[in-house]
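Inspection log for the structure reproduced underneath, given as structure tokens.
The values are calculated or read from the model by the stated rules, or taken from the named source; none is laboratory data. In this text the structure is predicted, and so the values were computed from the model without any measurement. FYI the Cβ positions are ideal-geometry reconstructions off the backbone, even for glycines, and counts take in every protein chain you see.
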Amino acid sequence: MSPAPDTARIAVIGAGPGGLYFAALAKQLAPDREITVFERDAPEDETGFGVVFSDETLDGIARADPRVFAAISAEFARWSDIDVRYAGEVRTSGGHGFAALDRNRLRAVLRERCAELAVEVRYRTPAPPVDRLAAGYDLVVAADGIRSGTRAAYPESFRPDLDERHCRYMWLATDKVFEAFTFIVERYDFGVLQVHAYPYSATRSTFIVEAAADAWRRAGFEALAARESARGESDLASVRRCAELLAGHLDGHRLIPNASRWIRFTTVRNAGWRHRNVVLLGDAAHSAHFSIGSGTKLALEDALALAAALSEQPSLDEALAAYEAERRPVVESTQRAAQASLEWFETIGRRTGQGVDQFAFNLLTRSRRVTYGNLRARDPAFVDAVDTAFGGSPGVPPMFRPLKLGALELRNRVVVPPLATFTSPDTLPSGFDRAQLTAHALGGAGLVIAGMTAVGPEGRATDRCPGLWTDPQEAAWRQLVDAVRAVSDTPLGIQLTHAGRRGATAAPGPDGVGRPLAEGWPLLAPSAIPWDADSALPHEANDIQLAAVTADFAAAAERAARAGFDVLELQFGHGHLLSSFLSPLTNRRTDGYGGPLAHRLRLPLEVLTAVRAVWPTGRPLLVRISASDWAPGGTTEEEAVAICRALAGAGADALDVSTGEVVAHQRPPYGRGYQTPFAELVRAATGLPTVAVGAISSSDDADSVLLAGRADLVAVGRAQLYDPLWTLHAAAERGYTGPGARWPEPWRAGSRRPPGPSADRVAPRLHLLREPPAPVHRRWSPPRPGDTPEE
Ligand SMILES: Cc1cc2nc3c(=O)[nH]c(=O)nc-3n(C[C@H](O)[C@H](O)[C@H](O)COP(=O)(O)OP(=O)(O)OC[C@H]3O[C@@H](n4cnc5c(N)ncnc54)[C@H](O)[C@@H]3O)c2cc1C
Ligand SMILES: Cc1cc2nc3c(=O)[nH]c(=O)nc-3n(C[C@H](O)[C@H](O)[C@H](O)COP(=O)(O)O)c2cc1C
């Protein structure tokens, strides 16, 4: 490897872990380089407590610079357990692999390494203005931390987005040496306090206290924090109050402040990481909530990637592009996990009704990175205990537990959600509908719901959607249900809808979008607002039309019952007619059907009440909602809860919690399970069973959602189009053969996973002595004098 020719002189702003590690690595790779690090603080200035790493990061550090690794690993506190202390009890999950050390020791090791390598680190020296540095050096690395001045200097290139969150937290240390990563969740009359604590030496632990904004205020911290104190001083009154409130966890030990004040976490994102020859690194470029312990790790990984790119790429331009291309996806993935984790802690009050086992599992799986499957692999006994508390028996994955919905017993927790086929030019269910529903009914899910079916001709979304407003349609659905019943007893549902302003489009093309029909039909909506600039203008519905909509839903529900469906789902989401009455973005009416939420709810509740009156008692009635519009001014979380409570009051048996598709300018944060927090919100607020849906594709994720109590059922859409036998295959892969996964009798011979090409390749023994498996539980126990340090 040779360095890019144009990086002979490098300036680094900031001697945090990111800046120092980068300087050391870049110098090692090209000893002729001149590297100068500017640091405004003195080397002895204490700036933090303990830094915690996972095994994965350590592997990278070990390989990149074995000397740094040897120096820091000699000082590591190591352990494998996570303790969750909640409601007076403790649950422990093992097998995780952590190493921590004093943040100042990390900086000291990096500082010494820089000195050895002849990197010049100028302490007590604020960096010169960045444009001057950029003119005098080939490359300026801005590792100047979360409040980066460099980032602020070039906003048009970096396009920063600073998202300040509302929880308050405070970094503290304690001389109580915790034995494991410890989450403390304590309930008080003012709300919840949570603590993230971990040991980092023989004598100290980090102890971060955090509270949601309202709990923080009610606890009186706001008043304490408002007292005047000089910059750098700690808010000692708050520290004392924390020590009192958490005395039960400190066992007589002290809380040790260091410039400790209540702060709010800011998630930093930048659309670009470079401005000409200036590049951002570490917290300056991105931050990740401390609850996943990744700030220092990301900074070190950035340093490694940037130093490598400078040597691997032929020019500075290409090196900076390669650095950003390599790091951005990793950072964004970590930020997604961090976002899920911080939101989990912000809304912790939703879960404090849970039992300790489920709560602990919920906490551990909060970022979606840790799942049922990997917790089981790390510590089977922990997951067995949670399984048992969930009412199951060890060895039965949560998705294969039955659920009673109304009078209906579902054999497992997997739902095939409505998946329209757009194959009905004549409004009758098609041969393809029959094939698809049969395939899904045979595929093992506990419930299969037929796609959107219009309650009237003008309620169709496309000119290839089926309906249920005529006798021939009812007869065709009856035949379809009978045909599926002939081969499967899986319960069948149907989704009824009026597409409202989303109607009269062509069936979606390969890009998933259906354009407006040239010759459509009149569209009905709460207000005359088209879906987008290309769409037809809908009519504002009058009272007579609204009454007709209600009557159409009730009539279609009666037909669905006669056709033999076990379950009915009403489409109150995705911008269809009833959804557009609920959302303030699409409902601008000023009569009794618009304005305040109670008015916007009026038509949906009239429809639900009319349907409930005719839909047979005992057969479950589901309602699908969009719990967020993903657009400013749209349905809020509080409104989503109020809507769901009202739907529960009007007779919904369960809520299918989707989001979005209400307005064309939506910006959903797509990602694995991204809608699931809404199912959890609704479940906690209404007590009704909920269906989680959206980018849940693996059985492992399904199990995690269910066991954490985020939802009662999991709907898997596209993954069951990919593999209609998704549920049965999940059972086969996990060796589950119980009643939750029933193979069709004629297919029984295929109920085991077929052997792959490696089946007859038998691995020889390669070790003379097998290494004993690592113990599941390892707790931090500081070495006593005379102990030999561990590797
Ligand atoms: C109070 C506090 C405690 C923390 N404790 C922990 C912890 O225990 N464990 C953990 O993993 N993470 C902790 N973090 C987060 C962690 O500090 C960061 O994620 C990590 O240090 C990022 O490394 P960095 O090198 O990008 O930035 P930083 O470590 O923030 O380093 C930036 C450096 O740049 C210097 N600087 C800024 N501007 C200039 C300038 N104009 N001229 C010269 N120098 C400048 C700063 O003085 C600083 O030393 C803590 C953060 C805070 C605020
Ligand atoms: C081909 C297709 C058709 C769909 N049809 C409907 C529908 O008729 N009604 C509805 O509410 N959602 C419909 N959806 C949305 C799904 O029910 C589900 O909410 C969505 O696909 C997210 O789940 P997934 O990520 O598991 O696929 C459809 C999705 C797809 C891919």
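See the values below:
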| item | result |
| --- | --- |
| The one condition in (1) away from ligand 1 (no atom under 16 Å from the Cβ); (2) surrounded by fewer than 22 Cβ atoms within 10 Å (Cβ to Cβ); (3) under 26 Å from the mean Cα position of the chain (by Cα) that residue 118 fails to fulfil | (3) |
| Subset of the range 352-375 [of a type in the set (D, E, K, R) and touching an Asp or Glu at 6+ places or on another chain (Cβ under 8 Å)] | 368 |
| Residue list for the range 81-100, restricted to those being aromatic (Phe, Trp, Tyr) and either modelled with pLDDT of 95 or more or surrounded by fewer than 22 Cβ atoms within 10 Å (Cβ to Cβ) (or both) | 86 |
| Matching entry among 631, 652 (being surrounded by 19 or more Cβ atoms within 10 Å (Cβ to Cβ), away from ligand 2 (no atom under 14 Å from the Cβ) and not in a strand (DSSP E or B)) | 652 |
| In the range 673-718, residue surrounded by the fewest Cβ atoms within 10 Å (Cβ to Cβ) [restricted to those that are within 11 Å of ligand 2 (Cβ to nearest atom) and under 16 Å from residue 358 (Cα atoms)] | 701 |
| For residue 609: the one exception among (1) part of a helix (DSSP H, G or I); (2) buried (at least 17 other Cβ atoms within 10 Å of the Cβ) | (2) |
| Hey, residue 262 farther than 30 Å from residue 188 by Cβ and in contact (Cβ under 8 Å) with a residue 60 or more places away in the chain or not | no |
| Total residues in the range 306-336, condition in a helix (DSSP H, G or I), touching a Phe, Trp or Tyr at 6+ places or on another chain (Cβ under 9 Å) and either buried (at least 21 other Cβ atoms within 10 Å of the Cβ) or of a type outside the set (A, V, I, L, M, F, W, C) (or both) | 10 |
| Filter result (of a type in the set (Lys, Arg), part of a helix (DSSP H, G or I) and touching a helix residue (DSSP H, G or I) at 6+ places or on another chain (Cβ under 8 Å)) within the range 212-255 | 241 |
| Hey, residue 507 surrounded by fewer than 24 Cβ atoms within 10 Å (Cβ to Cβ), among the aliphatic types (A, V, I, L, M) and over 20 Å from residue 564 (Cα atoms) or not | yes |
| Residue under evaluation residue 267, criteria (1) farther than 23 Å from residue 13 by Cα; (2) within 15 Å of ligand 1 (Cβ to nearest atom), criterion not met | (1) |
| For residue 248: the one exception among (1) within 13 Å of ligand 1 (Cβ to nearest atom); (2) surrounded by fewer than 24 Cβ atoms within 10 Å (Cβ to Cβ); (3) not β-branched (Val, Ile, Thr) | (1) |
| Enumeration of residues in the range 614-639 that are touching a Ser or Thr at 6+ places or on another chain (Cβ under 7 Å) and farther than 25 Å from residue 557 by Cα | 628, 629, 630, 634, 635 |
| Single condition residue 589 does not satisfy, out of (1) surrounded by fewer than 22 Cβ atoms within 10 Å (Cβ to Cβ); (2) closer than 18 Å to residue 650 by Cβ; (3) basic (Lys, Arg) | (2) |
| Residue within the range 101-120 that is closer than 20 Å to residue 183 by Cα, touching a strand residue (DSSP E or B) at 6+ places or on another chain (Cβ under 7 Å) and of a type outside the set (Asp, Glu) present | yes |
| Per-region count, the range 384-440, residues more than 24 Å from residue 451 (Cα to Cα) and of a type in the set (Val, Ile, Thr) | 3 |
| Strands (runs of 3 or more DSSP E) lying entirely in the range 337-420 (those with 1 or more residues that are touching a helix residue (DSSP H, G or I) at 6+ places or on another chain (Cβ under 8 Å)) | 414-416 |
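Per-residue answers, yes or no, for (1) among the aromatic types (Phe, Trp, Tyr); (2) surrounded by 24 or more Cβ atoms within 10 Å (Cβ to Cβ):
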| position | (1), (2) |
| --- | --- |
| 269 | no, no |
| 272 | no, no |
| 276 | no, no |
| 287 | no, yes |
| 290 | yes, no |
| 302 | no, yes |
